[in-house]
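The values are calculated or read from the model by the stated rules, or taken from the named source; none is laboratory data. Everything numeric in this text was worked out from a predicted model, so none of it was measured. Heads up, the Cβs are rebuilt from the backbone with ideal geometry, glycines too, and the neighbour counts pull from every protein chain shown.
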Amino acid sequence: MKTNKPANSTLKQNFTAPKPNGQIDIPRTKKLILTAMLTAFALVAFVIEASIPPLTPIYGIKLGLANVFTLFALYSLGTHCAAAVMSLRIVLGSIFTGQLVSFIYSVSGSLLSFLLMILLKRFFQLKQLWVLSILSAVTHNIGQLAAAIFMTQTPAIAYYLPVLILSGIIAGAFTGLCAQLVLIRLSKINNNLD
Amino acid sequence: MKKSSTSTRNSDKQNDIIGSDLYDCSQTVSYKVKNRIWIIVFSVLAVLCLGAWLFISNISSPSKIVEIYQNGSLVEKIDLNSVTNEREITLSGEHGTNIILISNGHIKMKSADCPDKLCVKHGELKNSYSPIVCLPNKVVIKFENSSDGVDAKAGAVR
Ligand SMILES: [Zn+2]
C-alpha cells in the first residue's frame with residue numbers, strides 16, 4: 001500500500017511547486033514576478049475571451065479562462081498574490097475591453113467567488129481544486145445575477161438562475177481541471193529537475 | 001537550508017517520507033471517495049438545473065400584455081394582441097439606444113447599440129420566465145406579471 005506512491009512523496013519538499021495545503025516557500029522577488037506573469041496571462045485570456053462573440057443569448061455564460069490563472073496563483077502563491085492577480089485582471093480587463101458597464105457585474109461576482117475561495121480553500125487540497133473551482137464559478141454567476149437584478153430593478157432575471165448554475169458547473173470544472181492538472185504536472189517536472 | 005535537509009531526508013529516511021501523513025494512502029483513497037461524491041453532487045445539480053431550465057423556457061405566457069422597462073421604470077405597456085400594424089419603438093437613454101419591433105402577438109429587439117447584442121440574439125419574447133434583457137442599456141422587456149402564478153414561482157426560484 002505505502003510503496004505505490006513514491007512519485008508523490010518527493011513532491012513534499014519541492015521548491016516551487018505547491019504542497020497540497022497550498023503553502024510554498026518562494027523568495028519575494030520570485031513571487032512578485034510570478035504574480036505579474038500570471039496577471040498578464042490572465043489578462044490575455046480575458047481579452048481573448050471577451051473578443052469572441054458570446055455563444056448564447058444569456059448573460060454570464062462564459063468559460064472564464066482567466067480564472068485558471070487566479071486558481072493557479074491561489075494554490076501556488078497564496079491568497080495575497082491570487083487577490084492581486086484577480087483584482088488587477090478585473091480593473092485592467094475592463095479598461096482594455098472597454099466594457100466599463102459590465103465592470104460592476106464583474107466585480108460583484110468576482111468578489112463573492114473570491115471570498116468563497118479563500119474561506120473554503122483549506123477544505124480542498126490540490127486534487128480537489130476542481131471542486132473549489134466549480135463552487136466559485138457558481139457563486140460568481142449568482143453574484144453577477146444578483147448585481148444584474150439590483151441594477152435593472154427586475155427580479156424576473158432570477159429565472160436565469162438554473163442555466164447560470166449549470167454553466168457555472170461546466171465552466172468551473174473546465175477551468176479547475178486546467179489549473180489542477182497544470183499544477184500537478186509542474187510539481188512533477190520540478191521534482192525531476194531537482 | 002531546507003533543500004539540503006530535504007535531500008538527506010530523501011535518501012536516508014525514504015520510507016518515512018513515503019509513509020508520511022501528507023501523502024498517506026488512506027488520504028489518497030479519501031480523495032477519490034470525496035471526488036466521487038462531488039461528481040455525483042454536481043451531476044445531480046446539473047441535471048436538476050437543466051430540467052428546470054427546459055421546463056421554464058417551454059412555458060408560453062397566457063397573457064399577451066408586455067411591459068418595457070428602462071432603468072427600472074416602466075416606459076410602455078402594450079397588449080400584443082391589439083397590435084394590428086407592425087411598428088418600431090425607439091428607446092434612447094443615457095446608456096444607449098434600443099429599437100424594439102412589435103407586431104401582432106410578437107415582440108423582439110430589432111437592434112441595439114450595446115456592445116454584446118445579446119438582447120437582439122435573444123429573439124422573440126416567449127414567456128415571462130425569459131425576459132429580453134439589455135444589461136448595458138438597462139432595458140428589460142417582459143410579460144406583465146399576472147398576480148397569481150408568476151409571482152409565487154418567482155419567489156420559489158429565488
Ligand atoms: Zn443589448
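If the condition is being over 12 Å from B:PRO62 (Cα atoms) and facing chain A (nearest Cβ under 9 Å), then segment B:135-147 contributes B:LEU135, B:PRO136, B:ASN137, B:LYS138, B:VAL139, B:VAL140, B:LYS142.
Within segment A:76-99, being surrounded by fewer than 19 Cβ atoms within 10 Å (Cβ to Cβ), of a type outside the set (Phe, Trp, Tyr) and within 25 Å of A:MET151 (Cα to Cα) holds for A:SER87, A:LEU88, A:VAL91, A:LEU92, A:ILE95, A:THR97, A:GLY98, A:GLN99.
Among the residues making up segment B:73-85, none is within 16 Å of the ligand (Cβ to nearest atom) and either exposed (fewer than 12 other Cβ atoms within 10 Å of the Cβ) or not in a strand (DSSP E or B) (or both). Output the number of residues of segment A:152-194 satisfying the condition of being more than 7 Å from chain B (Cβ to nearest Cβ) and part of a helix (DSSP H, G or I). Count: 28. Inspect all residues belonging to segment B:38-51 and state whether any of them is surrounded by 15 or more Cβ atoms within 10 Å (Cβ to Cβ), at the interface with chain A (Cβ under 9 Å from one of its Cβ atoms) and modelled with pLDDT under 90. No, there is no match, as no residue in segment B:38-51 is surrounded by 15 or more Cβ atoms within 10 Å (Cβ to Cβ), at the interface with chain A (Cβ under 9 Å from one of its Cβ atoms) and modelled with pLDDT under 90. Among the residues of segment B:97-118, those identified as aliphatic (A, V, I, L, M) and within 11 Å of chain A (Cβ to nearest Cβ) are B:MET109, B:LEU118. Could you tell me whether B:VAL157 is modelled with pLDDT of 90 or more, within 19 Å of A:ILE157 (Cα to Cα) and away from the ligand (no atom under 15 Å from the Cβ)? Here the answer is no, as B:VAL157 does not meet what is asked. Among the residues of segment A:26-60, those identified as crowded, with 17+ Cβ neighbours inside 10 Å and at pLDDT below 85 are A:ILE26, A:ALA50, A:PRO57, A:ILE58, A:TYR59, A:GLY60.
For segment A:100-126, residues that are assigned to a loop (DSSP other than H, G, I, E, B) and surrounded by fewer than 17 Cβ atoms within 10 Å (Cβ to Cβ) total 1.
Taking the criterion of being in contact with a strand residue (DSSP E or B) (Cβ under 7 Å, 6 or more places away or on another chain) and outside any loop (DSSP other than H, G, I, E, B), the residues of segment B:43-72 that qualify are B:ILE65, B:VAL66, B:GLU67, B:ILE68, B:TYR69, B:GLN70.
In segment A:173-193, the residues that are within 16 Å of A:LEU38 (Cβ to Cβ) reach residues that are among the charged types (D, E, K, R) with C-beta atoms within less than 8 angstrom, at least six apart or across chains, in these pairs: A:GLN180/A:LYS127.
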